[in-house]
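Engineer: Encoded as structure tokens, here's the structure I'll be asking about.
The values are calculated or read from the model by the stated rules, or taken from the named source; none is laboratory data. Quantities reported herein were computed from a predicted structural model and do not represent experimental measurements. Every residue, glycine among them, receives a Cβ derived from its backbone with ideal geometry; neighbour counts consider all protein chains shown.
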């Protein structure tokens, strides 16, 4: 059972990477380590406002392209469909039998908490050149390894910012309700 005190805060990631947690992503890559007091605590994953961290079609296309490349390293088949006429790119991902996703930029949740993850350890993880259990890790980054990932039944709208931000008690209670 998760208690409000077990939730350390919310970490903002690009919306396409928040969605990648649905594919089994269990590492978040950063250039800085997590706060020491956050180990063993739950971190809410907040989908940021813009794909690729900036506004526009090129950023969305690049963001989906990055997720597709890493998803393939994790054992999925993935492709990006640009949709130049509508400027609403999509990513199509297929994995084990019965696992198939098609997601467009318009379908991605933004400015909302989508998942809650329990932080185990953090350290340099070798990523694509290293052990296969870390396909989501990027070389040269500090990989925040999550031992448990739960998707919220319905994303929770939440303002955010860079770094790990505090979450008020009412939102913690709602996150716990939606993650159960």
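Engineer: Identify the residue in the stretch 160-180 that is loosely packed, with under 12 Cβ neighbours inside 10 Å and under 22 Å from residue 5 (Cβ atoms) and, among all such residues, is modelled with the lowest pLDDT. So that I can check it myself, show each step before the final result.
Structural biologist: From the stretch 160-180, those loosely packed, with under 12 Cβ neighbours inside 10 Å are 161-162, 166, 168-170, 180; that's our starting set.
Add one more test, that the residue is under 22 Å from residue 5 (Cβ atoms), and what stays is 166, 168-170, 180.
Details: 166: 95, 168: 95, 169: 97, 170: 97, 180: 87.
If we take residues in the stretch 160-180 being loosely packed, with under 12 Cβ neighbours inside 10 Å and under 22 Å from residue 5 (Cβ atoms), then 180 is modelled with the lowest pLDDT.
Engineer: Can you name the residue in the stretch 145-154 that is in contact with a helix residue (DSSP H, G or I) (Cβ under 9 Å, 6 or more places away or on another chain) and surrounded by fewer than 20 Cβ atoms within 10 Å (Cβ to Cβ) and is also nearest to residue 25 (Cα to Cα) among such residues?
Structural biologist: 149
Engineer: As an exercise: evaluate residue 89 against (1) without any contact (Cβ under 8 Å) to a residue 60 or more places away in the chain; (2) under 21 Å from residue 154 (Cβ atoms) and give the number of the one condition it does not meet.
Structural biologist: (2)
Engineer: Check 97, 58, 15, 33 and return the single one that is modelled with pLDDT of 90 or more and more than 16 Å from the chain's Cα centre (by Cα).
Structural biologist: One residue alone meets the criteria, 58.
Engineer: Quickly run through the stretch 83-93 and pick out the residues that are part of a strand (DSSP E or B) and farther than 17 Å from residue 16 by Cβ.
Structural biologist: none
Engineer: What about residue 120, is it in contact (Cβ under 8 Å) with a residue 24 or more places away in the chain, within 30 Å of residue 34 (Cβ to Cβ) and in a loop (DSSP other than H, G, I, E, B)?
Structural biologist: Here the answer is no, as residue 120 does not meet what is asked.
Engineer: May I pose another question? Among the strands (runs of 3 or more DSSP E) lying completely within the stretch 1-82, list those that include at least 3 residues that are in contact (Cβ under 8 Å) with a residue 24 or more places away in the chain and surrounded by 16 or more Cβ atoms within 10 Å (Cβ to Cβ).
Structural biologist: Values: elements: 7-13, 27-30, 42-47, 77-81.
Result: 7-13, 27-30, 42-47.
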